[in-house]
Amino acid sequence: MTNTETTTENEGLEQITQLQKRAVEFAESGMMEEALEAAMICIGLQEEVAPENMLLRAKLIQNASRILLYTGDMDQAEAIANEGIQIMQTAEGTTADDMAHAFLNLSSILYAKKDLDNAALVLMEAINIWTTEKGHDSAEVADCLGNLGRLREEQGKPEEAIELHQQAIDIKKQVYGDHEQTAFSLMNKGLALMLAQQLPEAKTALEEAIECCKRIGQEDSEIAKACQQNLNICLEQMK
């Protein structure tokens, strides 16, 4: 590759990076059409400036699938998320972490589609990879366990959900200590307990979540407010 070709490729890759940032900014602002357009332009640019970089292509496709999810185009989101995974499985330089994130992304799309059985299966793929790579007591595994807990709630399995949320809590207490992430998992457990009509236990979990927020000076955070709202509902149901 000549110096001119290298410069052109580097400029193209930098343009992709900047466009990806714009796509995220558009999506966060609710400008979904603009976000999707920017994401698709990125994929086209990759074909022009770095056609051999299939890992980059897979990641760009995954990003586009997330935007499609937010636009509500679930079938297309699922289709290209699967395409991204297929490319990633044979692309040079793919890491286990890349694959786990890809499976996590697909599970979110399947969850949104209410394809709960397949969402759980794909989520377990991510859990298995991260358990092997980072150990069971890792933040990534904890997040996946929390997601799986919410899946089990949707499937009408609150007891299993409660256990999964507790596993997530145990890991987050080790990884983070008192933290909004820990409070979030405590709240999730409280909600699962409410679903199971275990109201005293739900009250305890939600109160612990609120106290966790207070200990880190986040008593006015969105998590703390959500915990308080759910606690109020729980107390009302206990009357």
One quarter of the C-alpha convex hull surface, i.e. the mean projected area of the stretch 1-130 in nm², amounts to 7.9
Normalised Cα Rg of the stretch 136-238, dividing by 2.2 N^0.38 Å with N its residue count, works out at 0.98
Subtracting the Cα-Cα distance of residue 18 and residue 163 from 0.36 nm times their residue separation yields 48.0 nm
Quick calc: nm separation of the 7 Å Cα→Cβ label points for residue 195 and residue 33 -> 3.7
Here the relative contact order (percent) of the chain, from C-alpha pairs under 8 Å and at least 6 apart, is 10
In nm, the gap between the two label points placed 7 Å beyond Cα toward Cβ at residue 128 and residue 70 is 3.1
Using alpha carbon centers only, the stretch 131-151 is separated from the stretch 60-120 by a whole-angstrom value of 17
Note to self, the chain gives a 222 nm [θ] from helices alone (DSSP H runs n ≥ 4, -39500 (n - 2.57) apiece, / all residues, nearest 500) of -28000 deg cm²/dmol
Square roots of five times the C-alpha gyration tensor eigenvalues of the stretch 127-183, ordered largest first and given in whole Å, equal 19, 14, 8
Given [x] 22.4; [y] 19.6; [z] 18.7 as possible values of Kirkwood radius over Cα pairs in Å, the one from the coordinates is [y]
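Read-outs throughout are calculated quantities, based only on the coordinates presented, and are distinct from any laboratory measurement. None of the values given here were measured: they were computed from a predicted structure. FYI the Cβ positions are ideal-geometry reconstructions off the backbone, even for glycines, and counts take in every protein chain you see.
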